Amino acid sequence: MNNISLTSLASTDAHEETKRIMQICNACRYCEGLCAVFPAMERRREFDIGDTAYLANLCHHCGACYHACQYAPPHEFGVNVPQTLAERRLETYGQFAWPPKMANIFEKNGLIISIFITIFLSVAVGAMLALISPNLFWGVHLGEGAFYVIMPHTVMAGIPLAITSFTLVAFVMGWRRYWKSTGAKWGGMPALSDALTAMASLRHLGGNQNGAGDGCPGPDDAPSMRRRYFHHATFYGFMMCFASTSVGTLYHYLLGREAPYGYFELPVVLGTVGGIILCIGTAGLWHEKRRMDKGIKSLATLGMDYAFIWLLFWVSATGLILLALRETSFMGLTLAIHLGLVYGFFLILPYSKFVHAIYRFAALLADAGEKRLSN
Ligand code: SF4
Ligand code: SF4
């Protein structure tokens, strides 16, 4: 195991810029009601490398402080909190990555993910085409067990089990590195409850630190709840798809029933509704990202953001296409494409924008703990 300490994280340009800006903001304090970042900043006098990592992951890049700031460019102070924290946040993904050798994957992440998924998908589809007889691959298979004519259940379930085990270890190690490096303190069960509530409701995307505002400002400065709603759709759509797979597993092992299931059975209803919501959420996030004020965009993170959003969209969309074509001779091909994307998605998960959810929750938990321990 790696023994992480504050001194093991090397200083970077983004850290130095975050530190400079936080010192200006700490003197100004005009934005203290906008989000959780500014109150957390005010609890500090100095900003070491762990502090900037923590504050960067507490920011959800709404842009409100940029629009409010009298020192934003072209002012000579050049205060751009959202962009600076986005760049520092990207660095933290690499600094906390496990195994550490994978840290560089967060540079040019969009390109790397695109190449990886293309290769993974080609290999998965190519292998199935080569290994399965054409009659079976292009045949029409109906009723329970139809999927397993194409791929045995042990293989179909065994691959994700191995991938998920690795992914979970990577997440736990990343979390541990984050927690230790930022000096976060456990604030007890009430703090955990606060953080879970903030995450489940996406409270901070509501427009101020209490979630009682009008949403995030758009490029024309007009606030809107769209970003919050699309994040909700993405999060809950993903959770419903996850629930669909879990219920399907229970059907298989507890009830002895094999997929595919009927259109109105629970695994299919959860997967269909979740898949549609997930497609809407990811398409909406892509649109919101495109219309974001150019002043706060970070070019360094755009590739990673777009690659992840599109990958999630296509994982979901191919699941829905499979549902539509499962009783036709295209079932084998759509199953191969869907499984190739799903397996690739879960393998790349610890090195994609998904880590945002892990470190953001860790930052919310640390923030809730700090507030409770300081009272
Ligand atoms: S972002 Fe600008 S206005 Fe807001 S606290 Fe910092 S310096 Fe002050
Ligand atoms: S961009 Fe939004 S979340 Fe980030 S520091 Fe500014 S106001 Fe807070």
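All of the numbers you see were taken from the coordinates with simple rules; none came from a lab. Just so it is clear, the model here is predicted, and its values are computed rather than measured. As a convention, Cβ positions derive from the backbone with ideal geometry for all residues, glycine included, and neighbour counts pool all protein chains shown.
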**Item:** Cβ charges +1 (Lys, Arg) and -1 (Asp, Glu), total dipole of the chain, debye
**Value:** 340 debye
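Report the FRET efficiency, 1/(1 + (r/R0)^6), for Leu142 and Ala243, where r is their Cβ-Cβ distance and R0 is 25 Å, rounded to 0.05.
Efficiency, from the Cβ-Cβ distance: 0.45.
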**region 6-95: C-alpha pair distances exceeding 16 Å, %** = 47 percent
**Item:** Signed unit charges on C-beta, dipole axis of region 6-95, positive-most listed residue Thr84, Cys69, Ile21
**Value:** Cys69
**Prompt:** Taking the inverse of the average 1/r across all pairs of different Cα atoms in the chain, what Kirkwood radius in Å do you get?
**Reply:** 22.2 Å
**Prompt:** When you take every Cα atom in region 260-371, what is the radius of gyration, and what is Dmax, the widest Cα pair distance, in Å?
**Reply:** 17.3, 59
**Prompt:** Per-residue HN-Hα couplings for region 122-131, Karplus 6.51 cos²θ - 1.76 cosθ + 1.60 at θ = phi - 60°, whole Hz, x for Gly and Pro?
**Reply:** 4, 5, 5, 5, x, 5, 5, 5, 6, 8
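Based on the inverse mean of 1/r over its pairs of different Cα atoms, what is the Kirkwood hydrodynamic radius of region 138-283, in Å?
After inverting the pairwise mean of 1/r, the radius is 18.8 Å.
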**Message:** Rounded to whole Å, give me the distance from the Cα center of region 126-148 to that of region 300-344.
**Reply:** 18 Å
**Set of aspartates and glutamates with alpha-carbon distance to Lys108 below 14 Å, sequence-local pairs under 8 removed** = Glu87, Glu91, Asp305
**Message:** At 222 nm, what value in deg cm²/dmol follows for the chain if DSSP H runs of at least 4 each add -39500 (n - 2.57) and the sum is divided by all its residues, to the nearest 500?
**Reply:** -22000 deg cm²/dmol
**Prompt:** In straight Cα distance, which aspartates and glutamates are under 20 Å from Lys371, not counting same-chain residues fewer than 8 positions off?
**Reply:** Glu32, Glu42, Glu46, Asp48, Asp51, Asp194
**Item:** Diffusion coefficient, µm² s⁻¹, Stokes-Einstein with Kirkwood Rh over alpha-carbon pairs of region 296-360 at 25 °C and 0.890 mPa s
**Value:** 187 µm²/s
**Fill in**
Under 5 Å from the placed amide H of Ser224, counting only residues 5+ away or on other chains, we find Cys216, Gly218
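Fully extended, how many nm does the chain gain between Ser201 and Glu265 (0.36 nm per residue separation, minus their Cα-Cα distance)?
Net length gain for the segment: 20.2 nm.
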**Prompt:** Tell me, what HN-Hα J-couplings in whole Hz come from the Karplus equation 6.51 cos²θ - 1.76 cosθ + 1.60 at θ = phi - 60° for each residue of region 250-258, using x for Gly and Pro?
**Reply:** 5, 4, 5, 8, 8, 9, x, 9, 9
**Fill in**
Which of Gly187, Gly256, Gly274 fluctuates most in a GNM of the chain (C-alpha springs under 10 Å)? That residue is Gly256
**Fill in**
So Ala68 and Asn135, fully extended at 0.36 nm per residue minus their Cα-Cα distance, gain in nm 17.7 nm
**Fill in**
Calc'd 3J(HN,Hα), region 195-205, phi into Karplus 6.51 cos²θ - 1.76 cosθ + 1.60 (θ = phi - 60°), Hz, glycine/Pro = x, comes to 5, 5, 5, 4, 6, 5, 9, 6, 3, 5, 7
**Request:** Considering Cα pairs under 8 angstrom that are at least six residues apart, work out the relative contact order of the chain and quote it in whole percent.
**Result:** 26 percent
**Asked** Where a Cα-Cα gap under 13 Å defines reach, which aspartates and glutamates qualify for Lys294, not counting those fewer than 8 residues away within the same chain?
**Response** Asp220, Asp221
